[in-house]
Structures are given as C-alpha cells and as structure tokens.
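Structure record follows, encoded as structure tokens.
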2 protein chains.
Amino acid sequence: MCFPGYAIVGILHPWYIFTRKSNNANCKMNVKRRFTKPVHVGAVQVGGGAPVIVQSMTSTDTRNVGATVEQISRLEEAGCEIVRLAVPDKKAVEALGQIKKAVGVPLIADIHFDYRLALGALENGADAIRINPGNMAAENLQSVIARAREMRSVIRIGVNSGSLEKDVLAKHGGRTADALVESALRTVAFFEDNGFDALKLSLKSSDVMTTIEAYRGIAVKTQYPLHLGITEAGGLLRAAVKSSVGLGILLYEGIGDTIRVSVTGDPIREIPVAYGILGALGLRRRGPDIISCPTCGRCEIDLLSLLEEVERRTEGMKRYMKIALMGCIVNGPGEAAEADIGIAGGKGAGVLFKKGKIIRKIKEERFVEELMEELGRM
Amino acid sequence: MCFPGYAIVGILHPWYIFTRKSNNANCKMNVKRRFTKPVHVGAVQVGGGAPVIVQSMTSTDTRNVGATVEQISRLEEAGCEIVRLAVPDKKAVEALGQIKKAVGVPLIADIHFDYRLALGALENGADAIRINPGNMAAENLQSVIARAREMRSVIRIGVNSGSLEKDVLAKHGGRTADALVESALRTVAFFEDNGFDALKLSLKSSDVMTTIEAYRGIAVKTQYPLHLGITEAGGLLRAAVKSSVGLGILLYEGIGDTIRVSVTGDPIREIPVAYGILGALGLRRRGPDIISCPTCGRCEIDLLSLLEEVERRTEGMKRYMKIALMGCIVNGPGEAAEADIGIAGGKGAGVLFKKGKIIRKIKEERFVEELMEELGRM
C-alpha cells in the first residue's frame with residue numbers, strides 16, 4: 001500500500017499480457033512478471049524478480065519429529081523449496097525446534113488462533129509464519145509482529161474465504177473476490193501501521209474464478225509478493241486441473257511469486273504438478289518433459305506401456321530434457337522436432353531421433369533400453 | 001476473414017477479459033466468450049454461442065468395428081460430445097460406415113495425405129472431416145471441398161507445428177505461433193476462394209506458450225470456431241496440467257469453442273479433465289466437484305481413504321454437485337460453506353453439513369455410508 005510506484009503498476013497491469021517479448025529462435029513469448037517487493041524466507045528469496053518458488057506443506061503430525069523430517073527431506077529432494085508445517089499446540093512448537101535442526105529447507109509455521117504458538121514458533125527457528133487474520137486478536141498480532149521483526153522473519157497473511165471477517169462478509173454479500181481483497185488490505189494496513197512490511201499475501205478460495213479475481217484485485221493494489229494456491233483442490237488429478245487453470249491464468253498475467261498446489265494425500269505428488277505448471281509457461285524447468293501422442297488408429301506400437309516405463313525410469317530425474325514418444329513414424333520426428341530425443345514407432349520397430357534428426361532404427365523390444373542408454377550419455 | 005464484424009472483434013478482443021460481469025450472489029466473474037460463426041457437426045453446434053463442446057478421439061484400430069463402437073459408446077457415456085477417428089485406409093473408410101450406423105454421437109474422420117479417403121469418409125456418413133493442410137495437394141482439396149459442400153459437412157483445418165509448409169517455416173524461422181497462424185490463414189483463404197466456410201480451425205503445438213499465442217493470434221483474425229488442444233501432451237497427469245494451463249488461459253480470455261484434452265492411453269480419461277477445466281472456469285458443469293483439504297498436522301481422520309472411496313462411489317455421476325471432505329472440524333463447514341454437502345472430520349468422528357449448516361454428528365466409520373445416503377436423497 002505504501003510503496004511508490006504501485007499506482008503505476010496498477011495502471012500498467014492490464015497491459016502486461018500484451019507487452020511480452022520474444023527471446024529465442026522460435027519466437028516463443030515470455031511471461032512478463034509483475035514487480036514485487038522481495039522478502040527472504042530463510043535463504044530463499046520470494047518476489048523481487050526471483051524465480052517463482054515452489055512450496056508445499058507437510059501432512060504428518062508435526063509432533064512426530066521423525067516422520068515430519070522424513071517427509072520434508074522427500075519434499076526437498078522432489079524440488080520443494082519452502083515447507084510449511086501446522087503448529088497446532090505447544091508440543092508442535094517444541095517439535096518445530098528439533099525439525100528445524102534436522103532439515104535445510106526454510107520452514108514456515110502455520111498458526112491459527114493462538115498467538116503464543118506464533119511467538120514460540122519464531123523462537124524455535126521458523127523462517128516465516130503464516131497467520132490467518134480472521135482468527136487472531138489485534139493486540140496479540142502486535143506481539144507477534146514485534147517478535148517477527150526482532151527475528152527478521154517473514155509473515156504470510158493467509159486470507160481464506162472460509163474465515164473472512166463478519167463485517168466484510170456482510171458488506172460484500174458473501175465470500176467474493178472483493179471481500180477477500182478487502183480483508184487482505186485491511187490486515188496489510190494493520191501490519192504497516194505497526195511498522196512491519198516483510199509480508200507475503202495469499203487470498204484463497206476453493207472456487208477457481210473467485211481465486212483468480214481476488215489475486216488480480218490485490219495485484220494492482222499492493223506490491224507485496226503473492227503466494228498462489230487453490231485451496232481444498234481435492235485429489236491429485238482434480239487438484240492438478242484446478243490449480244493448473246487457476247495458477248496458470250494468474251502466472252500468465254505475471255501474477256504470483258510462490259505457488260503451492262494443494263493435493264489431498266502425500267504432498268510429494270504436488271511438486272511435479274507445480275513444476276509442470278511453471279514449465280508449461282516457461283517459468284521454471286525441472287525434470288524431463290515427456291511428450292507423447294494420444295495414439296489413434298494409426299498407432300502400431302504399445303505406446304502407453306512405453307510411456308509408463310519411460311516415466312518410471314526417469315522419475316526423480318532433475319535435469320530438464322524434452323523426450324518425445326510418438327506412435328507413428330510418419331509424423332513422429334516432425335511433430336516432435338524440438339525434442340532433445342525421441343522415439344517414433346512403426347510396425348514392431350521405430351526410429352530414435354534427436355532434435356528432429358533420425359539417428360537409427362531400433363526394434364520395439366529395445367525402445368526403452370536404447371532410449372535410456374542415450375539419455376545416460378547425454 | 002470475410003465476415004463483417006471481425007475487425008470489431010479484433011479491436012475489442014483485448015478488452016474482453018476486462019469487461020466481465022458478475023451474475024450471482026457471490027459476484028463470481030464470468031468468462032465472456034468471443035463471438036464465432038456457428039457450424040454444425042451432426043446435431044452438435046460448435047461456436048456461435050453454443051457451450052464449449054467436449055470432444056475426443058478413439059485409440060482403437062478403426063477397422064476393428066466392434067472395439068471402436070465400444071470405445072465410442074464409453075466416450076459418449078462419459079460426456080464426450082463429438083468423437084474423431086483415424087481413417088488411414090480404404091478398410092477404415094468402410095468400417096466408418098458401419099460404425100456410424102451403430103453410434104449416436106457425431107463422428108469426425110481424421111484424414112491425412114489421401115484425399116480419396118476424405119471423399120470416402122464423407123460418403124460413409126462422417127459428420128465432419130479433419131484435414132491437415134500441410135499434406136494434401138490443392139486440386140485434391142478442391143474435390144474434397146465440393147463433396148463436403150454437397151454433404152453439408154464441416155471441415156476442420158488442423159494446422160500442426162509438425163507439418164507446416166516449408167516456405168512458412170523459412171519465413172518465420174521455425175515452428176512459431178506466427179507460422180501456425182499464417183499457415184491457417186492461408187488455408188482458410190483457399191477454402192473461402194473455393195466458396196466453403198463451414199470451417200473449424202485448430203493450431204496445435206506441443207509447446208503450451210506457442211499454442212496459446214497461436215490461438216490468440218488467429219482469434220483476432222477470423223471468426224471461425226476454434227478447436228483447442230495441446231498436442232502430444234503426454235500421460236494423464238502431465239497432459240492434464242499442460243492442457244489445463246493452455247486451454248484454461250485461452251478459455252479464460254473467451255477463446256475456444258470445442259476442446260480436446262490429448263492423453264496417451266484410454267481416451268475416456270480425457271473427459272473428466274476436459275470437464276474439470278470447463279468447470280473451474282464456470283463454463284460447463286458435469287459430475288461431482290469434490291473439494292477436499294490437503295490435510296496437515298491438524299487432521300485426525302483418514303481423509304485420503306475417505307476421498308478415494310467417495311471418488312470411487314461417485315464415478316460416472318453426471319449431476320453437478322459440490323461435495324466437501326474436510327480434515328478438521330474447526331475450519332471445515334466454514335471453508336466449504338458453498339458445498340452442497342460435506343463432512344468435516346474431528347477425532348474418530350465428524351459432522352455432516354449442507355451449505356455450511358451442520359446437520360448432524362457421525363462416526364468416522366459411517367462417513368461414506370451416510371454421505372452416500374444423503375446424496376441419494378438429494
């Protein structure tokens with residue numbers, strides 16, 4: 001609210017999507033990201049021109065230090081750059097201290113209702129805390145702000161359609177995008193009045209369109225970095241679709257500094273989806289991008305088995321590489337000309353190609369082996 | 001190209017996304033769709049204000065009539081409204097005739113290279129044909145156009161980055177969005193010069209950003225309905241992410257009259273993803289929308305098992321309904337206030353709620369049964 005230039009951003013914002021410039025041989029357009037004020041969650045910069053940061057949240061009981069550390073390590077290995085944990089009681093505060101010593105990735109403590117848990121989390125090494133403004137009293141928030149300032153910690157203001165202030169709900173007639181924006185701005189003003197601006201904001205709804213409009217609304221009114229997410233997105237596939245639509249639209253408009261794809265179940269599964277969204281928009285690249293045709297009446301190889309085997313054998317691969325698995329030899333190398341490596345099938349055999357150039361013919365039973373060998377050499 | 005008003009659309013287009021109006025109590029924004037010229041694929045209208053139509057393509061050998069009819073029936077049952085089939089040879093043309101008699105959904109014959117297959121498909125009842133302009137000679141195309149006009153069939157011009165004309169590739173220095181647009185416009189002009197305008201267009205690339213820019217480019221230059229898709233999108237999850245990002249962005253801007261989510265494997269799996277994308281944007285609603293929290297250290301029920309069981313038991317349900325499965329009782333009914341029905345878990349028990357109002361307490365082992373009973377009554 002108080003940064004010079006936000007008015008300019010506000011005026012210019014609608015034009016961002018029409019001012020992209022090409023930067024490579026194929027004239028691909030780039031997302032032009034909105035300028036935001038940087039904050040530092042531990043060693044990880046969020047906003048201010050940093051890459052869009054991928055984060056997640058543990059699903060373990062935080063008080064179970066061993067299980068939580070194990071899950072955090074798996075998240076980190078998968079490419080998660082910031083991890084959030086629920087801190088629902090004093091025991092969890094103590095566990096946080098032990099967890100912090102055992103992991104390298106920055107940790108955010110998720111706090112509701114009790115400001116003393118926030119104070120404890122900050123003392124026990126939380127790099128940031130997330131609070132929901134709807135459920136903490138003003139005088140208690142001031143204590144938290146004072147301690148966060150001392151500890152040089154970041155605070156995420158996590159506004160959620162489920163816990164809006166009653167007067168905001170009444171004014172807007174429901175859990176609307178404008179209501180989310182007003183609630184967020186009100187809390188931001190409170191923090192600024194208390195001299196604190198190491199903030200990140202999130203405005204979440206389980207409704208994708210409400211979420212999009214809320215973030216578009218806040219983006220023209222503050223320069224704080226934004227944490228994007230669709231809340232309660234559901235099981236893996238449903239969550240992937242909703243998050244890809246919602247976060248994709250916002251990121252394409254340049255909005256968003258860190259993202260979390262919420263998936264019910266093992267949070268590790270969120271990370272490839274997050275990188276998939278960022279990869280589709282050319283914002284981040286991690287791991288293999290396997291392109292493969294949907295198969296049709298022209299396909300004469302078992303493409304699905306080939307795909308599943310290649311997916312299995314490249315799982316956990318960190319390097320970005322475009323691998324094409326094409327059902328038919330006629331279109332294959334052409335349609336996948338940009339792939340670093342690929343196979344196009346014929347009848348019981350196929351060709352191995354690199355960047356659209358055919359390298360050699362191989363038999364179907366040797367597809368996976370020869371592809372993996374070539375990948376190993378690359 | 002030749003429709004009055006396209007210039008106005010061209011000028012107005014960038015503003016569409018800033019002119020949405022709210023239409024319900026929660027002030028949710030609506031996508032304002034671009035105006036397109038309607039075409040009719042059999043009884044299904046595409047464009048001209050019709051809902052965004054969901055289509056797919058069979059992965060069976062078209063010559064295997066039994067297997068193809070079976071797959072088409074499953075696609076139709078899942079909500080697929082137009083089905084495309086590969087027609088690679090004369091036997092497939094004959095099979096198409098038999099398939100057409102056995103199914104109700106409109107069929108599109110996918111033809112490459114050989115214009116005689118296109119003629120045969122039209123004679124055997126194809127409601128539309130899809131041709132790739134990159135691989136058919138002009139004089140042959142004219143025969144196809146003449147026959148399509150007689151049969152009142154629609155033609156989809158399916159431009160694909162893998163088969164662009166050599167001079168277009170040379171001019172644009174690669175498989176760029178502009179190259180796709182130029183190739184499409186060139187073919188459109190050819191069809192119009194031959195007096196044919198029952199057209200649908202697609203401009204596909206496996207690169208999401210190229211696809212987005214190509215469709216944005218063509219959308220301001222013609223009023224023909226657009227078939228959206230990300231080609232070679234890969235396995236289910238990857239394809240869901242890429243398609244949701246790419247199609248989501250375009251649909252949000254009002255671009256797109258029919259969509260296909262390409263997935264390697266059983267095409268039935270494409271349909272819930274397609275409806276998921278349309279549902280997220282409020283464009284179509286089909287089947288249950290299950291929202292569920294990602295679980296965290298506060299969750300004391302087995303939410304993932306509950307979700308999986310509810311997903312299994314509501315599979316194939318056609319009616320739209322928002323079902324919420326929430327891990328914790330405190331946030332549950334509030335965060336999911338818009339759900340038609342939901343469960344919020346506590347410790348070994350939970351509450352059943354409807355539209356944010358708690359109906360009754362239930363034990364964890366009875367969650368699924370009582371939810372399904374209530375669903376049955378609704």
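The values are calculated or read from the model by the stated rules, or taken from the named source; none is laboratory data. Worth saying up front: this structure is predicted, and the values here are computed from it rather than measured. Backbone-built Cβ (ideal geometry, glycine too); neighbour counts: all protein chains shown.
Pick out the one residue from B:GLY279, B:GLY334 that is buried (at least 19 other Cβ atoms within 10 Å of the Cβ), of a type in the set (Gly, Ala, Ser) and part of a helix (DSSP H, G or I). Step by step, each of B:GLY279, B:GLY334 is checked, and only B:GLY279 is buried (at least 19 other Cβ atoms within 10 Å of the Cβ), of a type in the set (Gly, Ala, Ser) and part of a helix (DSSP H, G or I). Of all residues in segment A:259-276, those being in a loop (DSSP other than H, G, I, E, B), β-branched (Val, Ile, Thr) and more than 7 Å from chain B (Cβ to nearest Cβ) number 1. Check whether at least one residue in segment B:209-220 is within 12 Å of chain A (Cβ to nearest Cβ), surrounded by fewer than 22 Cβ atoms within 10 Å (Cβ to Cβ), part of a loop (DSSP other than H, G, I, E, B) and out of contact with any strand residue (DSSP E or B) (no Cβ under 8 Å at 6 or more places or on another chain), and report yes or no. The answer is yes; a qualifying residue exists.
Checking each residue in segment B:170-201 for being farther than 15 Å from B:ALA137 by Cα and of a type in the set (S, T, N, Q) picks out only B:THR176.
Take segment B:141-160 and flag every residue that is over 19 Å from B:ARG84 (Cβ atoms) and within 14 Å of chain A (Cβ to nearest Cβ). None - no residue of segment B:141-160 is over 19 Å from B:ARG84 (Cβ atoms) and within 14 Å of chain A (Cβ to nearest Cβ), so the list stays empty. When B:GLY134 is tested against the conditions (1) assigned to a helix (DSSP H, G or I); (2) modelled with pLDDT of 95 or more, the lone failure is (2).
Is it the case, given these coordinates, that A:LYS90 is more than 18 Å from the chain's Cα centre (by Cα), at pLDDT 95 or above, of a type outside the set (Asp, Glu) and over 20 Å from A:VAL41 (Cα atoms)?
Numbers: more than 18 Å from the chain's Cα centre (by Cα): yes; at pLDDT 95 or above: yes; of a type outside the set (Asp, Glu): yes; over 20 Å from A:VAL41 (Cα atoms): yes.
So A:LYS90 fits the description; yes.
Let's see how each residue does on (1) of a type in the set (Gly, Ala, Ser); (2) in the same structural domain as B:GLY162 (by TED's automatic domain parsing); (3) farther than 20 Å from B:GLU81 by Cα:
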site	(1), (2), (3)
B:ALA214	yes, yes, yes
B:VAL220	no, yes, yes
B:THR231	no, yes, no
B:LEU250	no, yes, yes
B:ASP266	no, yes, no
B:ILE271	no, yes, no
B:TYR275	no, yes, no
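Counting just the residues of segment B:221-258 that are of a type in the set (Gly, Ala, Ser) and more than 9 Å from chain A (Cβ to nearest Cβ), which one comes out surrounded by the fewest Cβ atoms within 10 Å (Cβ to Cβ)? Reasoning before the result, please.
Filtering segment B:221-258 for residues of a type in the set (Gly, Ala, Ser) gives B:229, B:233-235, B:239-240, B:243-244, B:246, B:248, B:254, B:256.
With more than 9 Å from chain A (Cβ to nearest Cβ) added as a condition, the list becomes B:229, B:254, B:256.
On the way: B:GLY229: 28, B:GLY254: 18, B:GLY256: 28.
Out of the qualifying residues, it is B:GLY254.
Checked against the criterion of being part of a strand (DSSP E or B), at pLDDT 95 or above and closer than 25 Å to A:THR62 by Cβ, segment A:139-147 has no qualifying residue. Which condition number does B:GLY49 fail, the rest of (1) assigned to a helix (DSSP H, G or I); (2) more than 21 Å from B:VAL261 (Cβ to Cβ) being met? Just one mismatch for B:GLY49, condition (1).
Considering only segment A:60-79, how many residues are within 13 Å of chain B (Cβ to nearest Cβ) and touching a residue at least 60 places away in the same chain (Cβ under 8 Å)? Before the answer, list the steps.
The initial filter retains those residues of segment A:60-79 that are within 13 Å of chain B (Cβ to nearest Cβ), namely A:60-65, A:67-68, A:71-72, A:75.
Subset that is touching a residue at least 60 places away in the same chain (Cβ under 8 Å): A:71, A:75.
Number satisfying all stated conditions: 2.
Scanning segment B:285-320 for residues that are more than 20 Å from the chain's Cα centre (by Cα), of a type outside the set (Val, Ile, Thr) and outside any loop (DSSP other than H, G, I, E, B) yields a count of 11.
Residues in segment A:193-202 that are farther than 16 Å from A:PRO38 by Cα and either aliphatic (A, V, I, L, M) or touching a Leu at 6+ places or on another chain (Cβ under 9 Å) (or both): 1 in all.
A quick yes/no check of all residues on (1) closer than 19 Å to A:SER243 by Cα; (2) touching a strand residue (DSSP E or B) at 6+ places or on another chain (Cβ under 9 Å); (3) at pLDDT below 90; (4) away from chain A (no Cβ under 12 Å):
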position: B:CYS293; (1), (2), (3), (4): yes, yes, yes, no
position: B:CYS299; (1), (2), (3), (4): no, yes, yes, no
position: B:GLY316; (1), (2), (3), (4): no, no, yes, yes
position: B:MET321; (1), (2), (3), (4): no, yes, no, yes
position: B:GLU335; (1), (2), (3), (4): yes, yes, yes, no
position: B:ASP340; (1), (2), (3), (4): no, yes, no, yes
position: B:GLY356; (1), (2), (3), (4): no, yes, yes, no
position: B:ILE359; (1), (2), (3), (4): no, yes, no, yes
position: B:GLU370; (1), (2), (3), (4): no, yes, no, yes
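If the requirement is being modelled with pLDDT of 95 or more, in contact with a Leu (Cβ under 8 Å, 6 or more places away or on another chain) and either part of a loop (DSSP other than H, G, I, E, B) or within 26 Å of A:GLU335 (Cβ to Cβ) (or both), which of these qualifies: B:LEU119, B:LEU96?
Working: B:LEU119 fails: in contact with a Leu (Cβ under 8 Å, 6 or more places away or on another chain).
Among B:LEU119, B:LEU96, only B:LEU96 is modelled with pLDDT of 95 or more, in contact with a Leu (Cβ under 8 Å, 6 or more places away or on another chain) and either part of a loop (DSSP other than H, G, I, E, B) or within 26 Å of A:GLU335 (Cβ to Cβ) (or both).
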